[in-house]
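Notes for the one structure printed next.
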Amino acid sequence: MAAYACCVSVPKSRTARTEDVHELALAMPHVTVASGTTDNPVYQVGGKSFVFFRNPRPDAIDPDTGDRYRDVIVFWVASEGDKQALVQDDGSPFFSTAHFDGHPSVLLRASRIGELTHQELAELVEEAWLSRASTRRGATWLRAHPSA
């Protein structure tokens with residue numbers, strides 16, 4: 001993942017928070033916010049979603065209770081290889097479901113976001129944005145952020 005070098009100054013090792021997702025997504029250029037089916041925010045670049053807060057669905061459930069997860073955040077990734085690198089470790093906070101087979105995205109429960117550092121979350125949001133931004137916008141952003 002890329003190194004975060006934008007607008008937010010926080011200690012690199014601080015644990016991530018759900019509020020950081022909103023702040024980081026909005027810090028990326030050309031971002032618009034749409035409302036999802038339950039008014040959850042959907043962050044888009046060029047009309048393409050790159051991060052969104054998912055409503056509870058039957059494919060993401062607590063294995064112990066059968067309750068639908070109410071706190072799933074979806075992040076686009078650049079490739080299937082990137083997805084697998086994030087979800088293959090059973091201890092990872094990232095996961096996927098059969099619904100997302102073949103889809104370039106990973107899921108993260110907000111309740112587990114503290115397992116990431118702010119830096120790691122920033123890199124995830126940047127990569128999500130880069131995977132959906134136009135080639136021109138992505139190249140422009142990368143030129144302005146050479147450490148990314």
### Task
Mind checking the full-extension length gain between residue 32 and residue 144? Use 0.36 nm per residue of separation minus the Cα-Cα distance, one decimal, nm.
38.3 nm
#### Entry: Folded to 0 to 90 degrees: helix 135-144 orientation relative to the chain principal axis, Cα
70
### Query
Once the piece of chain linking residue 49 and residue 112 is laid out straight, how much longer is it, given 0.36 nm per residue of separation minus the C-alpha distance between them?
20.5 nm
### Task
For n ≥ 4 DSSP H runs only, could you compute -39500 (n - 2.57) per run for the chain, divide by its residues and tell me the 222 nm figure to the nearest 500?
-8500 deg cm²/dmol
#### Entry: Label point distance in nm, residue 18-residue 40, each placed 7 Å from Cα along Cα→Cβ
1.1
### Query
To the nearest 10 degrees, how steeply does helix 118-132 sit against the main Cα axis of the chain, on a 0 to 90 scale?
80
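Each value in this text was obtained by applying a stated rule to the coordinates, not by laboratory testing. Remember, predicted model here, so these are calculated numbers, not experimental data. Counting neighbours? That spans all protein chains shown, and the Cβs are built from the backbone with ideal geometry, glycine included.
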